[in-house]
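Right, one structure below, let's go through it.
Coordinate-derived values only; no laboratory data. As the structure is a prediction and not an experimental result, all values here were calculated from the model. For neighbour counting, all protein chains shown are included, and Cβ atoms are generated from backbone atoms with ideal geometry for every residue, glycine included.
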Amino acid sequence: MKRKILTYISKKIAALYWGYLKKEIDDFVINSQKPHFKNLGKNVLFKAGGTIYHPENLEIGNHVRIGDNCFIMAIGGVQIGDGTVISRNVCIHSGNHSYKSDNLVPYDDTYDKRKTTIGKAVWIGQNVNILPGISIADGAIIGMGTTVSKDVGVGEIVVGKGQRTLAERDIESLKKMISNDAYFSKKHPNL
């Protein structure tokens, strides 16, 4: 019985602590311009547990949401446009180790850097991997679990193995909403 009570109390204390800490982190990111980012727009919300390498090469527009446990390797530059929503467990890369070495294997200590660009109003699902040098155009939707290894066009909806294009959004409607800043996260700033 004593063990159950101690477990219960420790879980409550941890939940209170992490709830408070997460709110403090979110408030800091939303309400301040972090000097070590290349550019951080207004109303940007990071969820808990993410990792960002080389934030000095990361540009984030306005009204952007980045989910739990996201990993961003911005060594070659990463740009995320206004109104983009990125789900949890997403990996975005803009560089990779160079394997073209004459003295070290499997790779050397240099990087092949290629800028990764994500447009405005893009929706990226859970567990997506985005490879270096990729461009995802405005309004695209990337289905959960997709590895993005080639560029994605305006309004394209891509999913799964081989990055299949399922459909395309109504481009005229999409352009109109983007020009009016009709972003979900602008309307719902705390979500």
*Which entry is the computed semi-axes √(5λ) of the Cα gyration tensor in Å for this structure: (i) 30, 25, 18; (ii) 21, 20, 16; (iii) 24, 20, 17?*
(i)
*With a point put 7 Å past each Cα toward its Cβ, work out how far residue 144 is from residue 38 in nm, to one decimal.*
3.1 nm
*How many nm is it between the label spots at residue 161 and residue 187, if each spot is 7 Å from the Cα in line with the beta carbon?*
3.7 nm
*Residues with amide H under 5 Å of residue 40's amide H, sequence separation 5 or more or different chain, H placed in the peptide plane at 1.01 Å from N; which?*
60
*Subtracting the Cα-Cα distance from 0.36 nm times the residue separation, let me have the gained length for residue 48 to residue 68 in nm, one decimal.*
6.7 nm
*Could you size up the charge dipole of the chain around its Cα centre, putting +1 on the beta carbon of Lys and Arg and -1 on that of Asp and Glu, and report it in debye to the nearest 20?*
1020 debye
_Percent antiparallel among DSSP beta bridges (both partners in the chain, rounded to 5)_ = 20 percent
